[in-house]
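For reference, the structure is listed below as structure tokens.
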């Protein structure tokens, strides 16, 4: 009996890593998908501890090192998919070109609302609150050269109340992120 080809995923993350943790836990012991590297642009990112606790290789790439195209592409050459889990640098165009339709991101709002440069984390949730929105959610999408512009793979919504502050909105949206991001990665990889 032939075994399925192993798909290798690299997670890019800049912060606490709750989405990275959800992805890592979801794929533990998976038959044909492996999370085998976590890349960060911040030496102090908590996601590094999560990766180490799960015996996953980590790599810090400084902002200036991202400009070393050949070196970065050589490091990432064996990966099938890049999952952005709270990665706060714009992905270089050369990486988008080489990994066209193989970089997936999660955004904590219902795009096209509340997207674009500077719209990440609590900035998004504060903007949702200030706009008086009665729903928010997530958008899982492919990455292209424009912030938050790529093809939508999944949107999921959550109802908000007028009493919800940005922190409460964040918690509601984060629950959706953890529920759906690993599943959509798995579904998308099954088609590659």
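The values are calculated or read from the model by the stated rules, or taken from the named source; none is laboratory data. This one's a predicted model, so the numbers in the text were calculated from it and none came from an experiment. Positions of Cβ are backbone-derived with ideal geometry, glycine not excepted, and every protein chain shown enters the neighbour counts.
Computed values, structure above
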{"read-out": "All positions within the range 1-33 that are buried (at least 17 other Cβ atoms within 10 Å of the Cβ), under 17 Å from residue 80 (Cβ atoms) and free of Cβ contacts under 8 Å to residues at least 60 places away in the same chain", "value": "24"}
{"read-out": "The range 36-57: number of residues that are within 24 Å of residue 140 (Cβ to Cβ) and over 16 Å from the mean Cα position of the chain (by Cα)", "value": "2"}
{"read-out": "Search result, residues across the range 34-68 that are in contact (Cβ under 8 Å) with a residue 24 or more places away in the chain and surrounded by fewer than 12 Cβ atoms within 10 Å (Cβ to Cβ)", "value": "63, 67"}
{"read-out": "Criterion (modelled with pLDDT of 95 or more, in contact with a strand residue (DSSP E or B) (Cβ under 6 Å, 6 or more places away or on another chain), on the phi < 0 side of the Ramachandran plot and in a loop (DSSP other than H, G, I, E, B)) met by exactly one of 176, 111, 153", "value": "111"}
{"read-out": "Subset of the range 157-172 (residues that are in contact with a helix residue (DSSP H, G or I) (Cβ under 9 Å, 6 or more places away or on another chain), within 24 Å of residue 12 (Cβ to Cβ) and surrounded by fewer than 18 Cβ atoms within 10 Å (Cβ to Cβ))", "value": "none"}
{"read-out": "Search result, residues across the range 89-100 that are in contact with a strand residue (DSSP E or B) (Cβ under 7 Å, 6 or more places away or on another chain) and within 28 Å of residue 170 (Cα to Cα)", "value": "91"}
{"read-out": "Residue count, the range 125-148 (criterion: surrounded by 15 or more Cβ atoms within 10 Å (Cβ to Cβ) and out of contact with any helix residue (DSSP H, G or I) (no Cβ under 8 Å at 6 or more places or on another chain))", "value": "7"}
{"read-out": "Of residues in the range 104-123 being within 12 Å of the chain's Cα centre (by Cα) and over 18 Å from residue 160 (Cβ atoms), the one surrounded by the fewest Cβ atoms within 10 Å (Cβ to Cβ)", "value": "120"}
